[in-house]
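The values are calculated or read from the model by the stated rules, or taken from the named source; none is laboratory data. The model shown is predicted, which means the values in this text are computed figures rather than measured ones. Here the Cβ positions follow ideal geometry from the backbone for every residue, glycine too, while neighbour counts run over all protein chains shown.
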Amino acid sequence: MDILVRAVLEEFPELDVARVRAALERGVARAASASLDTEGYRVVDLHLARVEASDESSERAEILRSLSENLEERGDADRALVVRLSAFTEASTAADIDPLLRLARLTDRWAELPLDTMNALVDINDDGAAGRLTAMAEAWQRVERPYYAADCLERVLLIKPADAHANEALELFYRSVGEWPVLIDLLSRHTLHLTDDKQRAERMREIGIIYERELGDDAGALDAFREADKLAAGNPDVLDAISRLAVKVGVPDEEAIDALERLAALAKAPQERAKVLCRAAQLARLYDYDRAQRLFERARTDDPDLTEALDGFVQLHRDKGQLAEAVVLLLHGAARPGMIKEKSRWLTDAAGYCVALGDTTRAEKLYREARVANPDNHEAGVALVELIDSGSLVELAPILDELCRTTDDPGRLRGYLLQRAKLSSELGDKTGARNALSRAVDLDPLDTGPRRELADMLFDAGQWAKARPLLESLLEDEDLLPAERRAEIHFKVGRCAFEVSDKDSALKHVGITLALIPDHREALKMRMDLDAADPFAHAAGQLALANLAPPEEKANRFADLGDRYTELGDRATAREMYLEALAHRPGDHLLLTKFLGLVTEDGDWSYSIDVIQRLIDTESDRKVRARYRHLAGMIARDELEDHEMAVAWLSDALEDEPLGFTVADELEQLLASSPDADSLIRFYYRRLEHVRTEEGRTGERLRLWDQLGELCLQLNRPDDAVTAFEVGQSLAPDDIARRQRLADLYFGNPAQDAKAITAHQAVLRGDRRRIESYKALRDLYLRTKQPEKARACDLAIELVDSVEEKIDKLFEPSRSLEMPVAATAEHKPRAPLTNEDFVALSRLDVDLGLSTLFAIVAPTFGIERARMRPPAPVPLKESELPPLVARVLSQVLTSFVVNRPPVYIEKDQPTLCRLAMRAREGVLTPVLTIGKPALAKDADEKELAFFLARQLADLRTDRIARLLCPRAGELAQIIELASAPASDSSSHATRWLTSSLHPVELDQAMAIGSRLRERGVHPMSAALGWLAATERAADRIGFAVVGDLTTCVRLLERDPQASSSDGNRVLDLVWSSVTEDILGVRSRIEGWAPEAPTRRKTTTMSSLDPG
């Protein structure tokens, strides 16, 4: 047989060896069956006779097996199979399985095998069970029962888990039928028995592909790819899958970015590496701007023409608020020849950022360049239309004209035409506006808006014949229009008819207009023109117009009617017209003169006042009486020149109408011109009573108090002036100039020293550079026997001068030599800082509510952060400190009354000291590291104390969030969690807070969050503000510990971090050194002498009371 197989393969080498052998065996067996000789038949008959003679089935089976073997030896496989099947039927044994399978393979008669019975006879404990089950699996496959074959192969794997044939066949079958979970289990078991890590990694990669593509299980796929990467690192497909799936699953982005960076390192082609780095940068952009920038730069280095890299880099700059850098990057990309397709788009984006930066001139230029690069850039064209202001309308016109020429879309074209019409109207080109509107109407004849606008423009232009059909077309849906609009259209149609001499139509439409709106003034005028021949109708029209005129015209119209009746000699009717005119303009001197001329033809002004008095007596309306009295007062003032009478009339008018400011202003001017100042004071007092509940005119109450204060100063009544200015200050608390003036007034009165100190402190809170207030505080503290505070102010003056570039101190000699020497407290032991001291040092600008919220939530938040980003570990053994550092550290810890944190020396650390959270014995612990500057031989003790105090202050509960959550974004997340509405119990914020905090702490956090929500606090702004405020508070704490302002200021000026982050920290520290909070803390811990009691004087407004 082997010889035959080799011969056939030599002739046909492309054939499969196994199939050739099987075919030859079947052929040989058939030939043997066909060539059975006489002796063979005799042997068969002999065995069959023995079978018939036997009664035992087992014996018959043995005879048949012997016959089958004999036939198989003779090469007659077909008869051997039939006989063997008969033997198996008589007595089934496991020994028949192998011959039956062998003969079935030779004869290809698999369907005749009793496979179910044979399968049950296989004993897996037998040495040949694995091969027997493999053959059984082949038989099941031949009869097209693949699941039974798979079962046999699974039994093979129970015996030989590493069997390559069984694993391969099962893998092929499970893939073909889509049994993915079972296939994953098979591959996982096979992986366990592989010894080569590369093969195991390949298996895990295949498992990951199945999880991702077939099952949609991203988490399972990610775990498989991770395992593959551990077994054989550096597979590009595995790294690509890890980076892709990590984002989908939502694991920390660092893993995906690391995978992409490793993938990029494997990429040989720069363009391919650039794409991978760009993907990594897009992920890093979400949380680490610096890393994202580095990745984008590397990507652009490998492929400068990669569009995705430039777009992502621009978005990064935009997210960082670096719009100017984004513009530069876009312009650089637009200038590259390889990116010419993106040039127009990038120029448009750059122009948009320039608009955000306020550089509209440059934006306009870039939009124009974008239009040159791509004339079809619709966005740039629209932006130019919106960007060009009214001063550049002439420039805007060509752009709109071009858009109107090049746009094919009817909807867009119609919009541009409407804009062009509006532009033409603004430019005064009414003809162009009408032409544009005509084209827009042609594009959409059903839109009534442009039709109405075109009709109105034609009407305004006096083109009556063209406007009339458009206006009449608007009346097609007349019933759907409001009455006012219908009346307006009918009036315009009537006007057009009137202008083209169609009086019948004009009368018809004017009649409809007046039927809809009887008081339509323009229609009444036209009706008067149409009825000019009828004097009665004409007069009725004039009267109707007068009654319908607006308030500002009524007086003129009725006055004109009065003049006309006067000319006609009808004085009674003229008087009625004048009276009606006076009702609308009671203060018109000319009109009053005409009216009084009718009453007193001889010009008797006293009688005129009597007439006014009679009008007052018959009038019940207080406001009308006030106007009459005002009129009488003006006559007394201007015509009779009787000052006292005018004051009396105007005073009575003001009592009738307290909010009549015209009367009040005229009365104030009269009293101000009088030498009697007390009457003016009484007037101010009465006016303040008038506006006590209702001010009437904005700022009136404040103006009255100011005038009263100024008058008291003129009368040398400083106490009353101060009281008036104090009330004014309460009405305008944010007026800095007013506060400064009041503080200066306090300073001039030694009895007001306490108020002067408070006032100047408030002034300095608003203007920390005001030298005059520092000097005033120095003098006030000297006057109140507080030399230590005076010295603090004097030192602040010198330092403020230093900050202000040594400004000349107004040529005054320094008074520091004239002050009594304050008792120095440096030799005394300094008292430790209490909680009240820390609150006083912080509350100047730190939001204590946020401090409390962070103290509650930050520990839990910090622990969660540490789990995701474990901090760097530190050894258990602390570093040995130099004597100076150890002594100063002990002093600061004693002053703070806090436990000593673990301390280590970092010789490469550029900063003097640093406090940060580290892992020590698996516990998150604040650790103090001492840097190189502190180890120098010439290290300054005060500098050590200042910076150690600033750092160790963060160990306090109200500042611990600076260590646990040092980033503003994390603090902003805490604010968002706390300020989220608590009504939705299923929200992420509520669930996290509920699961993380104690119920008492949760109630406190939610209460603070509710207050923050009511205040409308912006989380990120509040977080940044709190960090900056606590940084300044740390400066004050360090100053309180050191006690030497000059040294602290010098250290802050040298600190690059302080100068770069907040340029006002030095000035803030100088100012805070003279505040009562800081002075009080220093007084307690340094043992200053107690403040001498001062006499205070209470000032009232009793002198202003006219009673």
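Taking every residue in segment 106-117 that is outside the structural domain of GLN141 (by TED's automatic domain parsing) and pairing it with any residue that is hydroxyl-bearing (Ser, Thr, Tyr), at least 6 positions away or on another chain, the pairs with Cβ-Cβ distances below 7 Å are THR117/SER92.
Name the single residue, out of those in segment 301-353 being basic (Lys, Arg) and assigned by TED's automatic domain parsing to the domain that holds ASN374, that is farthest from TYR289 (Cα to Cα). Going through the qualifying residues, I end up with LYS341.
Across segment 233-254, the number of residues qualifying as in a loop (DSSP other than H, G, I, E, B) and closer than 13 Å to GLY208 by Cβ comes to 1. Condition first: part of a helix (DSSP H, G or I), outside the structural domain of CYS152 (by TED's automatic domain parsing), surrounded by 15 or more Cβ atoms within 10 Å (Cβ to Cβ) and in contact with a Phe, Trp or Tyr (Cβ under 7 Å, 6 or more places away or on another chain). Can you find one or more residues in segment 75-95 that meet it? There is no residue in segment 75-95 that is part of a helix (DSSP H, G or I), outside the structural domain of CYS152 (by TED's automatic domain parsing), surrounded by 15 or more Cβ atoms within 10 Å (Cβ to Cβ) and in contact with a Phe, Trp or Tyr (Cβ under 7 Å, 6 or more places away or on another chain).
For segment 1062-1087, filtering for residues that are on the phi < 0 side of the Ramachandran plot and touching a Pro at 6+ places or on another chain (Cβ under 9 Å) leaves 2. Looking at LYS789, LYS809, LYS785, just one residue is more than 25 Å from ARG1036 (Cβ to Cβ) and at pLDDT 85 or above, and that residue is LYS785. Looking at the structure I just gave you, is LEU971 in contact with a Phe, Trp or Tyr (Cβ under 7 Å, 6 or more places away or on another chain), closer than 13 Å to TRP1026 by Cβ and assigned to a helix (DSSP H, G or I)? Answer is yes for this residue. What about ALA1023, is it modelled with pLDDT of 90 or more, part of a helix (DSSP H, G or I), buried (at least 18 other Cβ atoms within 10 Å of the Cβ) and touching a helix residue (DSSP H, G or I) at 6+ places or on another chain (Cβ under 7 Å)? Criteria met by ALA1023. Suppose we keep only residues that are of a type in the set (A, V, I, L, M) and buried (at least 23 other Cβ atoms within 10 Å of the Cβ) within segment 333-351. Which one would you say is farthest from the chain's Cα centre (by Cα)? The qualifying residue farthest from the chain's Cα centre (by Cα) is ALA334. Mind checking whether some residue in segment 700-712 is surrounded by fewer than 14 Cβ atoms within 10 Å (Cβ to Cβ) and more than 28 Å from ASN749 (Cβ to Cβ)? No, because not a single residue in segment 700-712 is surrounded by fewer than 14 Cβ atoms within 10 Å (Cβ to Cβ) and more than 28 Å from ASN749 (Cβ to Cβ). Within segment 152-184, the set of residues being closer than 25 Å to ALA22 by Cβ and over 60 Å from the mean Cα position of the chain (by Cα) comprises CYS152, LEU153, ARG155, VAL156, LYS160, ASP163, HIS165. Screening ALA274, ALA259, ALA201, ALA221 for residues that are buried (at least 19 other Cβ atoms within 10 Å of the Cβ), over 30 Å from LEU316 (Cα atoms) and under 39 Å from the mean Cα position of the chain (by Cα) leaves exactly one candidate, ALA221. Selection within segment 987-1020: residues that are in a loop (DSSP other than H, G, I, E, B) and without any contact (Cβ under 8 Å) to a residue 60 or more places away in the chain. The member of this set that is surrounded by the most Cβ atoms within 10 Å (Cβ to Cβ) is VAL1017. Looking across segment 909-941 at every residue that is within 39 Å of the chain's Cα centre (by Cα) and not in a strand (DSSP E or B), the one that is surrounded by the most Cβ atoms within 10 Å (Cβ to Cβ) is identified as LEU912. Within the set GLN740, GLN761, the sole residue that is among the polar types (S, T, N, Q) and touching a Lys or Arg at 6+ places or on another chain (Cβ under 8 Å) turns out to be GLN740.
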